[in-house]
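K.L.:
Here you go, one structure.
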Amino acid sequence: MTPTGSSSGLPRAVVLLSGGLDSATTLAIAQAAGFACHCLSIDYGQRHRAELQAANELARTLGACEHRVIRLALNEFGGSALTDPTINVPTDGDQAGIPVTYVPARNTVMLSLALAWAEVLGSRDIFIGVNAVDYSGYPDCRPDYIAAFEKMANLATRAAVEGAVLRLHAPLIDMSKAEIIARGNALGVDFGLTISCYQAAGDGRACGVCDACRLRRAGFIAAGTADPTRYSATPVVNSAAQS
Ligand code: ZN
């Protein structure tokens with residue numbers, strides 16, 4: 001255990017923490033599994049930057065040993081409603097295909113950063129809160145993608161070549177949103193701290209009408225628990241017009 005152990009004696013894990021409901025539950029799962037969790041958030045130029053502050057608070061309250069924010073300006077490329085203020089976040093809940101909130105290659109970029117940090121830390125475990133049930137249809141949330149990235153990671157690093165096989169954990173991948181909420185509640189996640197909204201206000205208030213808000217709200221209803229989300233008084237239906 002020496003190569004992967006932290007000063008606490010626990011094996012280290014890198015946890016991608018966006019500040020949303022899913023990644024918060026993923027962090028709680030990793031903590032409960034006995035890992036010393038090093039949380040990583042990416043400031044990629046997302047319009048819902050309030051999630052970064054939420055991530056910091058979640059890392060602290062859930063007992064992570066570290067939280068870092070890496071800046072990587074994907075908004076230099078744009079190409080997504082989350083990184084280009086001229087593209088509206090859909091609020092009608094009715095889009096065909098992969099929605100414009102998809103950020104090109106986002107999970108590959110983020111997992112690559114997590115992989116780099118894991119190798120430096122001597123960690124063999126990376127956690128990501130992707131979900132392929134109640135989700136927006138993003139291609140980099142699918143089980144095949146997770147398996148392929150894990151395979152690539154074990155070809156790509158000195159650590160793996162020298163025998164430290166890396167495991168990529170996606171514990172939520174087959175869970176419904178209601179199941180994720182139930183698991184998080186059981187593990188003591190304060191969902192009131194989490195921000196899922198694609199166009200959350202600076203103070204973290206949610207629009208209530210984007211895809212992320214719809215999935216989240218439906219999840220609380222299906223789970224039969226109170227929704228602690230702070231919603232804007234007036235639903236935000238056209239974010240681009242505001243920016
Ligand atoms: Zn929203």
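Readers should treat all values here as calculations from the given coordinates under stated rules, not as data from a laboratory. Fair warning: this is a prediction, and the values are worked out from it, not measured in the lab. Cβ sites come from the backbone with ideal geometry, for glycine too, and all protein chains shown count toward neighbours.
K.L.:
Could you tell me whether any residue of the stretch 131-141 is more than 15 Å from the chain's Cα centre (by Cα) and either over 30 Å from residue 222 (Cβ atoms) or within 16 Å of the ligand (Cβ to nearest atom) (or both)?
P.N.:
No, the conditions are met nowhere in the stretch 131-141.
K.L.:
Considering only residues that are among the β-branched types (Val, Ile, Thr) and over 11 Å from residue 157 (Cβ atoms), look in the stretch 105-125 and name the one that is surrounded by the most Cβ atoms within 10 Å (Cβ to Cβ).
P.N.:
That would be 109.
K.L.:
Say whether the condition of being within 30 Å of residue 84 (Cα to Cα) and either touching a helix residue (DSSP H, G or I) at 6+ places or on another chain (Cβ under 8 Å) or polar (S, T, N, Q) (or both) is met by at least one residue in the stretch 113-120.
P.N.:
Yes, the stretch 113-120 has at least one match.
K.L.:
How many residues does the stretch 200-209 contain that are within 9 Å of the ligand (Cβ to nearest atom), in a loop (DSSP other than H, G, I, E, B) and within 13 Å of residue 47 (Cα to Cα)?
P.N.:
Of the residues in that region, 2 qualify.
K.L.:
Taking the residues in the stretch 55-71 that are surrounded by 14 or more Cβ atoms within 10 Å (Cβ to Cβ) and assigned to a loop (DSSP other than H, G, I, E, B) as candidates, determine which candidate is nearest to the ligand (Cβ to nearest atom).
P.N.:
62
K.L.:
For the stretch 77-99, what are the residues that are surrounded by fewer than 17 Cβ atoms within 10 Å (Cβ to Cβ), within 12 Å of residue 136 (Cα to Cα) and within 16 Å of the ligand (Cβ to nearest atom)?
P.N.:
Of everything in the stretch 77-99, those that are surrounded by fewer than 17 Cβ atoms within 10 Å (Cβ to Cβ), within 12 Å of residue 136 (Cα to Cα) and within 16 Å of the ligand (Cβ to nearest atom) turn out to be 93, 94, 95.
A quick yes/no check of all residues on (1) under 27 Å from residue 208 (Cα atoms); (2) β-branched (Val, Ile, Thr):
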position: 68; (1), (2): no, no
position: 89; (1), (2): yes, yes
position: 99; (1), (2): yes, no
position: 115; (1), (2): no, no
position: 120; (1), (2): no, yes
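K.L.:
Could you please tell me which pairs satisfy a Cβ distance under 7 Å, a separation of 6+ or placement on different chains, a first residue in the stretch 214-229 that is without any contact (Cβ under 8 Å) to a residue 24 or more places away in the chain and closer than 14 Å to residue 20 by Cβ, and a second residue that is within 15 Å of the ligand (Cβ to nearest atom) and part of a loop (DSSP other than H, G, I, E, B)?
P.N.:
Pairs that qualify, where the first residue is without any contact (Cβ under 8 Å) to a residue 24 or more places away in the chain and closer than 14 Å to residue 20 by Cβ and the partner is within 15 Å of the ligand (Cβ to nearest atom) and part of a loop (DSSP other than H, G, I, E, B), are 217/227.
K.L.:
For the stretch 20-44, which positions are over 14 Å from residue 126 (Cα atoms), over 15 Å from the mean Cα position of the chain (by Cα) and either among the basic types (Lys, Arg) or part of a loop (DSSP other than H, G, I, E, B) (or both)?
P.N.:
None - no residue of the stretch 20-44 is over 14 Å from residue 126 (Cα atoms), over 15 Å from the mean Cα position of the chain (by Cα) and either among the basic types (Lys, Arg) or part of a loop (DSSP other than H, G, I, E, B) (or both), so the list stays empty.
K.L.:
Can you tell me which condition residue 173 does not meet? The list is (1) within 14 Å of the ligand (Cβ to nearest atom); (2) closer than 18 Å to residue 127 by Cα; (3) surrounded by fewer than 22 Cβ atoms within 10 Å (Cβ to Cβ), and all the others hold.
P.N.:
(1)
K.L.:
From the list 216, 183, which residue is crowded, with 19+ Cβ neighbours inside 10 Å and either within 22 Å of residue 126 (Cα to Cα) or touching a Pro at 6+ places or on another chain (Cβ under 8 Å) (or both)?
P.N.:
After applying the criteria, what remains is 183.
The rows are residues; the columns are (1) more than 11 Å from the ligand (Cβ to nearest atom); (2) assigned to a helix (DSSP H, G or I); (3) among the hydrophobic types (A, V, I, L, M, F, W, C); (4) more than 19 Å from residue 101 (Cβ to Cβ).
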{"position": "185", "(1), (2), (3), (4)": "yes, yes, no, yes"}
{"position": "188", "(1), (2), (3), (4)": "yes, no, no, yes"}
{"position": "192", "(1), (2), (3), (4)": "yes, yes, no, yes"}
{"position": "198", "(1), (2), (3), (4)": "no, no, no, no"}
